[in-house]
1. Exactly one of these conditions fails for Gly218: (1) farther than 30 Å from Ser286 by Cβ; (2) outside the structural domain of Lys55 (by TED's automatic domain parsing); (3) over 25 Å from the mean Cα position of the chain (by Cα). Give me its number.
2. Just checking, which of Glu273, Glu264, Glu277 is closer than 15 Å to His301 by Cα and part of a strand (DSSP E or B)?
3. Scan the range 93-114 and tell me whether some residue there is in a loop (DSSP other than H, G, I, E, B), aromatic (Phe, Trp, Tyr), closer than 13 Å to Pro65 by Cβ and out of contact with any Phe, Trp or Tyr (no Cβ under 8 Å at 6 or more places or on another chain).
4. What are the residue pairs meeting all of these: first residue in the range 191-205, first residue assigned to a strand (DSSP E or B) and modelled with pLDDT of 75 or more, second residue among the basic types (Lys, Arg) and buried (at least 17 other Cβ atoms within 10 Å of the Cβ), Cβ atoms under 7 Å, and 6 or more apart or on different chains?
5. Pairs under 6 Å by beta carbon, first residue closer than 20 Å to Gln175 by Cα and in the same structural domain as Val122 (by TED's automatic domain parsing) in the range 75-94, partner of a type outside the set (D, E, K, R) and exposed (fewer than 14 other Cβ atoms within 10 Å of the Cβ), six or more apart or different chains?
6. Looking for something in contact (Cβ under 8 Å) with a residue 24 or more places away in the chain, crowded, with 18+ Cβ neighbours inside 10 Å, in the same structural domain as Val288 (by TED's automatic domain parsing) and not in a strand (DSSP E or B) - is there at least one such residue anywhere in the range 154-170?
7. Please enumerate the residues belonging to the range 219-261 that are closer than 21 Å to Leu102 by Cβ, of a type in the set (A, V, I, L, M, F, W, C) and in a loop (DSSP other than H, G, I, E, B).
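The values are calculated or read from the model by the stated rules, or taken from the named source; none is laboratory data. The shown structure was predicted, so the numbers you read here are calculated from the model rather than taken from an experiment. Heads up, the Cβs are rebuilt from the backbone with ideal geometry, glycines too, and the neighbour counts pull from every protein chain shown.
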Amino acid sequence: MAAWKPKEKPLTLEEAVALAKRNLNRYWIGSEALLATVSDAGRVTAYPLSPDFAKRDWLLFFIDPTGYSGESALAYTEEWHRRFSAQGLGIIVVLKIPYRRLRAAETLELLLPKHQYPFILVVDPDDQLSLAFGVREAKDLPRVVLIEAGKTVYENSGKDWWRGTEARLQSFLRQKDPGLPLPPVFDRGGRDLADLGGIEFGESSAPATGVPSFRLSGQWTKEGERIVTADPAATIRLKLPGSHLALVAEMGSREPGAAEIFIELDEGRLYDELLGEDLALDENGSAVVKVREGRTYRALHRLPSESRQITLKFLNAKEIPVALYGVRFGE
């Protein structure tokens, strides 16, 4: 005979909110959890976890921190925080990280170009917060959403997400305070980089975008979201569709030291002006990326259009295997 169990008492609203905060707080940096999501019949809705949320205006950014456009979006976010936080505007940056292995708050200082930001950051661990605000595919990023009294009053997304956004934001603020002194619209002087697609190597990866073709040679092993090689003869050959190249990678095993990715330009020589911040010339003149923790490694920039056929080599992979999640192209 089954033992009798007392019926569980339904949670009160206060208890449900407290439970949601406990579960979500580890993904929020700079604030306790402010939003939670509920999925019903395929529709995802975000709900505030405090009635105070609707008393403030909010600007929400959704970015992929592994890509080029995410870095530009963070630069705008910092400037707009500096300009408009005094007007009570709150800013939340939602990080839609494409690799589950890298979705941990403690890895943010590795994924982001800076270690500290003055606004709220939140990792979207299951993509539900992004879905609640209309982010379904990579083409929807970056996305910016302006919220007044808990309701969306403006949104923009895609590669030109920033066009007209600050003008609309200033108009919104002046409606509340017609005499508000505001600076000219922020201009980054042509330094904005756009994502031109990429390659994903994982088991459930989508087809490569933005690149005509690429070819892997040697021995590779698929491990979930990444591929790993310990073969010093392994190579990846591809032609870049843009002037910038980045690699999302990490060491393929826990060893002291660093894994290495060598990059060769098929036509011409890689000189200092073409080297990204994570690519350096070694004592033999070879261009090499030293790979340790899982993050985006900026490899090449400002490549001329006539010289973009490259080869990635992994000459020391037998000593320390290399794991690749994906490749990013920018212009």
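1. Single failed check for Gly218: (1).
2. Numbers: Glu273 fails: part of a strand (DSSP E or B); Glu277 fails: part of a strand (DSSP E or B).
Only one candidate qualifies: Glu264.
3. Taking the range 93-114 first, the residues in a loop (DSSP other than H, G, I, E, B) are 96-99, 103-104, 112-114.
Okay, now just the ones that are also aromatic (Phe, Trp, Tyr), so 99.
Now narrow it down to the ones that are closer than 13 Å to Pro65 by Cβ: 99.
Among the residues that remain, those that are also out of contact with any Phe, Trp or Tyr (no Cβ under 8 Å at 6 or more places or on another chain) are: none.
Checked the range 93-114: no residue is in a loop (DSSP other than H, G, I, E, B), aromatic (Phe, Trp, Tyr), closer than 13 Å to Pro65 by Cβ and out of contact with any Phe, Trp or Tyr (no Cβ under 8 Å at 6 or more places or on another chain).
4. Asp195/Arg328; Gly198/Arg328
5. Pairs that qualify, where the first residue is closer than 20 Å to Gln175 by Cα and in the same structural domain as Val122 (by TED's automatic domain parsing) and the partner is of a type outside the set (D, E, K, R) and exposed (fewer than 14 other Cβ atoms within 10 Å of the Cβ), are His81/Pro118.
6. The answer is no; no qualifying residue exists.
7. Listed by number, the residues that qualify are Trp220, Ala258.
For (1) farther than 24 Å from Pro113 by Cβ; (2) among the hydroxyl-bearing types (Ser, Thr, Tyr); (3) within 23 Å of the chain's Cα centre (by Cα); (4) surrounded by 13 or more Cβ atoms within 10 Å (Cβ to Cβ), each residue gets a yes or a no:
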| site | (1), (2), (3), (4) |
| --- | --- |
| Glu267 | yes, no, no, no |
| Ala280 | no, no, no, yes |
| Ala287 | no, no, no, yes |
| Arg292 | no, no, yes, yes |
| Arg302 | no, no, yes, no |
| Leu315 | yes, no, no, yes |
| Leu324 | no, no, yes, yes |
